[in-house]
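Only one structure is covered here, and it is reproduced in the block below.
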Amino acid sequence: MKGYTKPLILIILVLIADQASKTWVKTNMSLQQEFKIIGDWFIIHFTENNGMAFGLEFGGEFGKLALSLFRVFAVAGIGYGLHHLIKHKYHRGLILNVALIFAGAVGNIIDSVFYGKIYGYAGWLHGQVVDMLYFPIIKGTFPSWFPFWANEPFEFFRPVFNLADAAISVGVIAILIFQKSYFKEEVKDEIGINNETVED
């Protein structure tokens, strides 16, 4: 179990926080209900979606089933990848960020696979993902000279998401930002092995 403890703890904590927040929203709020946490730019807004992260849709009943099955296989792949990284002692930061991505993916899979049955509105693999975090930080109107959206309202940040989405996003962004340091040691090891092979 050496090397697995911290990633496992992180995964469990993310899953507990994600499912606790979704369960509270699902059982204490009505759909589209909202309340303000900090002014007009941090709002708890209860919504559900059939699709991907941040409310993106993947249409129809077949699309929903296909997406749920894809999620299951994707999580299995991420889980195997995480095991590989730990087994081969990759950078701790990389391992923890992959653990974040894995936890977020599992969190949303729980909604897709089980929520329809648990809350009695759909069958297995047809559940809707619960979203609630809404940050409409900037609201305004595009100027008249702006192409395509002249005089139309705009909002940043529009998507409503959940803690699982946030975990996935943080993990992916951190890997992109720190990839050089994460993979630097592996490159050095490969060069060292090649050098020894040449000398032999």
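Within this structure, VAL160 passes the test of being surrounded by 15 or more Cβ atoms within 10 Å (Cβ to Cβ), touching a Ser or Thr at 6+ places or on another chain (Cβ under 7 Å) and in contact (Cβ under 8 Å) with a residue 60 or more places away in the chain. Step by step: first the residues of the range 41-76, then only those that are small (Gly, Ala, Ser) and at pLDDT 85 or above, then the one that is most open to solvent (accessible area, probe 1.4 Å). Which residue is that? In this case the residue turns out to be ALA76. Within the range 132-143, the set of residues being under 17 Å from PHE156 (Cβ atoms) and outside any loop (DSSP other than H, G, I, E, B) comprises LEU133, TYR134, ILE138, LYS139, GLY140, THR141. Residues in the range 147-167 include at least one that is modelled with pLDDT of 95 or more, under 30 Å from LEU65 (Cβ atoms), in contact with an Asp or Glu (Cβ under 8 Å, 6 or more places away or on another chain) and among the polar types (S, T, N, Q). Among residues of the range 90-129 being touching a residue at least 12 places away in the same chain (Cβ under 8 Å) and not in a helix (DSSP H, G or I), the one that is most open to solvent (accessible area, probe 1.4 Å) is TYR119.
Filtering the range 1-33 to residues that are of a type in the set (A, V, I, L, M) and either under 15 Å from the mean Cα position of the chain (by Cα) or within 15 Å of VAL98 (Cβ to Cβ) (or both) leaves LEU8, ILE9, LEU10, ILE11, ILE12, LEU13, VAL14, LEU15, ILE16, ALA17. Count of the range 103-139 residues, restricted to those that are touching a strand residue (DSSP E or B) at 6+ places or on another chain (Cβ under 7 Å) and among the basic types (Lys, Arg), is 1. Of the residues making up the range 20-32, at least one is under 20 Å from LYS139 (Cα atoms) and either assigned to a loop (DSSP other than H, G, I, E, B) or among the β-branched types (Val, Ile, Thr) (or both).
The values are calculated or read from the model by the stated rules, or taken from the named source; none is laboratory data. Because the structure is predicted, anything quoted here is derived from the model rather than measured. Every residue, glycine among them, receives a Cβ derived from its backbone with ideal geometry; neighbour counts consider all protein chains shown. Heavy atoms of the whole protein, side chains included, go into the accessibility calculation; ligands, DNA and RNA do not. Shrake-Rupley method; radii C 1.70, N 1.55, O 1.52, S 1.80 Å.
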